[in-house]
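The values are calculated or read from the model by the stated rules, or taken from the named source; none is laboratory data. Note that the structure is predicted; figures quoted are calculated from it, not measured. Glycine also receives a Cβ, built like all others from the backbone with ideal geometry; neighbour counts cover every protein chain displayed.
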Amino acid sequence: MSQLASLQGSREAAVARHSQGAPESRREANKYTSYRALEGLSRASASLICEGAELLDLEAAMTRDPERVKACLGSLATGPWADTALASKPNLAVLWLSPGDETLRVSLRGQGAGQSHQHLLLLSDPDCQRSVHLELLDDASGSHHLNLVIEADLAESSRLDLSVSQAMSSESYVTATWAFRLAKKANLHAVWMDFGAALARHDLQVDLAEPQARAELAGLMLPKLGQHHDQHLTLHHGASDTHSQQLFKGLVGARGRSVFSGRVEIKEGAAGCSSHQLCRGILLGDGAEFDARPQLLICIDAVEASHGASCGAMDEKSMFFLRSRGLDELAAKQLLAEAFAGEVIELLGDPSRSESTLQRVRSMIQEIH
């Protein structure tokens, strides 16, 4: 297939929306975020590598299940950066998730100065349980803007354990649109870790479309001087007996900024649902900022839903307690930071990645101490 004919309708619609204005012009969703540094970048390339499974092109995926591919590709993800990618004819790959014990390791690396666009479609077989670890990197050879669209369709009784590590250079940028649709009894467990980039913006879109679907989502942001980490979540409970948990935290260094906006919608007819959302930030220096916008929209009774947010400096009483037990100031701060971040880190479920993340937390505290 020389051209992506099945994407033509979605691409034409994306081009029309994209022509109405750049993401910066849609002000409410970008209340705390500026994209001016991304204007006028030339086209660059990116490499996508997967260990443990074959990445399919569109022709191979269509041969396997054309109706499902057509129903998902270019249809699940919405928003200005998804439109930008589709309008720009991104590199396209399909990862078909079949049963297996091995963790699939996917590396997406921006190459050179400029802007690259990548579109990745994840499709799971029914009753499939699979773990995927995705790294977002660059070659540090110039200011690179990596614009990523991931659309994932989880079949009945399947489970996806997804961990994402963003460690791009401090001069680069990430805009990522993540769209998940969950069928009956499907389960999504996903953790995002943001360490690098001058700007990292994630738009998370989760649709619990059928009964007994479940999503557990978490994120840790570690912005330092001049870095901006931004998580925007929209989660729909569209069917009865669906459940979600969301935990997002930011450890924010001096003159860094962390943003979390979480909107949970429980629609009419979605009886017996539960949703619990919590976001917390710790400010570690002058000019540090943590912006939180938790939101609940409930259109039916007989559901269980809650949200909460907190932000502040490290607790002085806890610091005094640790110092009185013989720890110096640096060790005490590191211990409190590890405890704060550990609630998210333990959800990774991988000892090596957990330890490397804790080391990043320790290093961050040491740098700003």
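Quick notes on this structure:
- Selected residue (only one of Val94, Val69 is more than 19 Å from the chain's Cα centre (by Cα) and of a type in the set (Val, Ile, Thr)): Val69
- In the set (1) of a type outside the set (D, E, K, R); (2) surrounded by fewer than 20 Cβ atoms within 10 Å (Cβ to Cβ); (3) modelled with pLDDT of 95 or more, Pro294 fails one condition alone, (3).
- The residues of the stretch 150-163 that are surrounded by 22 or more Cβ atoms within 10 Å (Cβ to Cβ) and free of Cβ contacts under 8 Å to residues at least 60 places away in the same chain, listed by number, are Leu154, Leu162.
- 1 or more residues of a type in the set (A, V, I, L, M), surrounded by 11 or more Cβ atoms within 10 Å (Cβ to Cβ) and at pLDDT 90 or above: qualifying helices (runs of 4 or more DSSP H) within the stretch 1-110: 58-64, 66-72, 80-87
- Meets criteria (assigned by TED's automatic domain parsing to the domain that holds Arg293 and farther than 20 Å from His276 by Cα) for Leu199: yes
- Residues (surrounded by 15 or more Cβ atoms within 10 Å (Cβ to Cβ) and either in contact with a strand residue (DSSP E or B) (Cβ under 6 Å, 6 or more places away or on another chain) or not in a helix (DSSP H, G or I) (or both)) located in the stretch 321-336: Leu327
- For the stretch 207-223, residues that are crowded, with 22+ Cβ neighbours inside 10 Å and under 29 Å from Arg360 (Cα atoms) total 8.
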